[in-house]
Amino acid sequence: MPDPDPLAEFMTGFPPAADRRIRFDDGSFYAWPQMKWSFNHIEDLVPTRTVWRGDGASRPFEAGDPLDTAQIRFDTADGRTLGWDEAYDELHTDGLVVLHRGRLVHESYGGHGSADLPHVIMSCAKSFVGTIATWLVHEGSLDRDALVPTLIPELADSAWRDATVGQVLDMLVSMTFDEDYLDPGSEVYRYLRSAGMLPMAPDDPGPRSFYDYLPEVRPAGRHGEAFAYREPNINVLGWLVRRASGRGLADLVSERIWRHLGAERDAAFMLDPSGAETTMTMTVRDFARFGEMIRCGGRVGDVQVVPEAVADDPFLGGDPDLFTGAGPETMAGGSYRSQWWIRHIDAPEQARQGSQGDSHGSTRPMARGAHGQFLYVDRANQVVIARTGSSRLPPSTLLDPVVFPLFDAVIAELTSAPVDDAP
């Protein structure tokens, strides 16, 4: 039986037909193909908290020479050859923005995506929280070497009882947590229900907020010995940031980042049942603006928005030896640092030796989230790629065999011809 039409019209009409309605409480928002609508309208479905863009004018993109997508053809990691249109459709792209040397060279939308619609970025939000946490460390408000329970005594009997703030930042905490998004019985789904990111039955005895769930997570092994990507670390980090600053994440991201980007729209955080912030929504254009600020060392134009040392931090990379055997095979030779995934291009040994190369040229920090959300920052080639998507299955690693060669092909096309000077 063929798949339902992913471009079917949902939530149209007054009222919408019964089989065209999408709701959170009945789980229809997370069914296929309804998610192609709901990921672009999540603020219509769940509680959110605004990340204010400020009262200033947006900062328009300067136009660059358009990316010639007709020239892009590449070999995937799974042995196929694809062109631009084939890859675009296969990846279920909702929005894609490419900046080169600060100029807009490509913008396109698929499915239900559009320039004015905020899209949920899933766990890409962790890179915003990681940036704020790194900033607090930089200014002395948060200590990377402090044990988590010194700020969050509620976790004194949990997996984080002897973990440091730095180990949370770098995903080096060992815990008992089954994170198999392809298994509906996996612990990760209980976690998502507690967070208000999936509906919970009224008679479900499970925890009903992150604050209730996280103390239940049990330890397993020694921290710091290997990378272990586990979603609960993101929420522990958010809790640490709130405790250290006395502020909510939405306020911090607005005051320290969002008001200074020249964003076109407010962003928003989804909320768990206790009011704690979880993932974020934003337009793909504003997603790219955040990446461009990181690429430019924390600057927006002539204004230093984020301290340079904070913006540079992801480019230092993590330890590839800790990543080996624990990270996804599609990122072999990579690393992880401060809630950013890191690709090491050509010279992963530079990271092991502590060498940053030419302006951190061998490292490519990346925010990535479920169902195909990516923010890719390449300082060496002065490229930022922001994309949102609604792939049918959650793990973005399933898209890596196409996404990474596609990004590499885009960058190769952009850098194959000389360009005028730009930031």
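Of all the numbered requirements in (1) in contact (Cβ under 8 Å) with a residue 24 or more places away in the chain; (2) crowded, with 23+ Cβ neighbours inside 10 Å, residue 334 misses one, and that requirement is (1).
Yes/no matrix, rows are residues, columns are (1) outside any loop (DSSP other than H, G, I, E, B); (2) under 18 Å from residue 326 (Cα atoms):
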site	(1), (2)
135	yes, no
154	yes, no
179	no, yes
191	yes, no
198	no, no
203	no, no
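Selection within segment 383-411: residues that are surrounded by fewer than 19 Cβ atoms within 10 Å (Cβ to Cβ) and in contact with a helix residue (DSSP H, G or I) (Cβ under 7 Å, 6 or more places away or on another chain). The member of this set that is nearest to residue 289 (Cα to Cα) is 397.
Of the residues in segment 230-244, at least one is at pLDDT 95 or above and over 21 Å from the mean Cα position of the chain (by Cα). Checked against the criterion of being touching a Leu at 6+ places or on another chain (Cβ under 7 Å), buried (at least 19 other Cβ atoms within 10 Å of the Cβ) and hydrophobic (A, V, I, L, M, F, W, C), the candidates 117, 142 yield just one match: 142.
Across segment 205-233, the qualifying residues are those that are without any contact (Cβ under 8 Å) to a residue 40 or more places away in the chain and in a loop (DSSP other than H, G, I, E, B), and the one among them that is farthest from residue 369 (Cα to Cα) is 205.
Listed conditions (1) at pLDDT 95 or above; (2) in contact with a Lys or Arg (Cβ under 7 Å, 6 or more places away or on another chain) are all met by residue 281, apart from (2). The residues of segment 39-74 that are free of Cβ contacts under 8 Å to residues at least 24 places away in the same chain and surrounded by 15 or more Cβ atoms within 10 Å (Cβ to Cβ) amount to a single one, 45. Applying the set (1) of a type outside the set (Lys, Arg); (2) at pLDDT below 95; (3) assigned to a loop (DSSP other than H, G, I, E, B) to residue 275 leaves exactly one unmet item: (2). Of note, residue 168 does not satisfy the criterion of being modelled with pLDDT of 95 or more, of a type in the set (Val, Ile, Thr) and assigned to a loop (DSSP other than H, G, I, E, B). In the set (1) buried (at least 19 other Cβ atoms within 10 Å of the Cβ); (2) not in a helix (DSSP H, G or I), the condition left unmet by residue 380 is number (1). Scanning segment 9-28 for residues that are of a type in the set (Phe, Trp, Tyr) and closer than 15 Å to residue 42 by Cβ, we see that the one that is farthest from the chain's Cα centre (by Cα) is 10.
This table checks each residue for (1) surrounded by fewer than 18 Cβ atoms within 10 Å (Cβ to Cβ); (2) outside any helix (DSSP H, G or I); (3) of a type in the set (A, V, I, L, M); (4) over 19 Å from the mean Cα position of the chain (by Cα).
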| position | (1), (2), (3), (4) |
| --- | --- |
| 247 | yes, yes, no, yes |
| 254 | no, no, no, no |
| 259 | yes, no, no, yes |
| 280 | no, yes, yes, no |
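The values are calculated or read from the model by the stated rules, or taken from the named source; none is laboratory data. Source: prediction; values computed, not measured. FYI the Cβ positions are ideal-geometry reconstructions off the backbone, even for glycines, and counts take in every protein chain you see.
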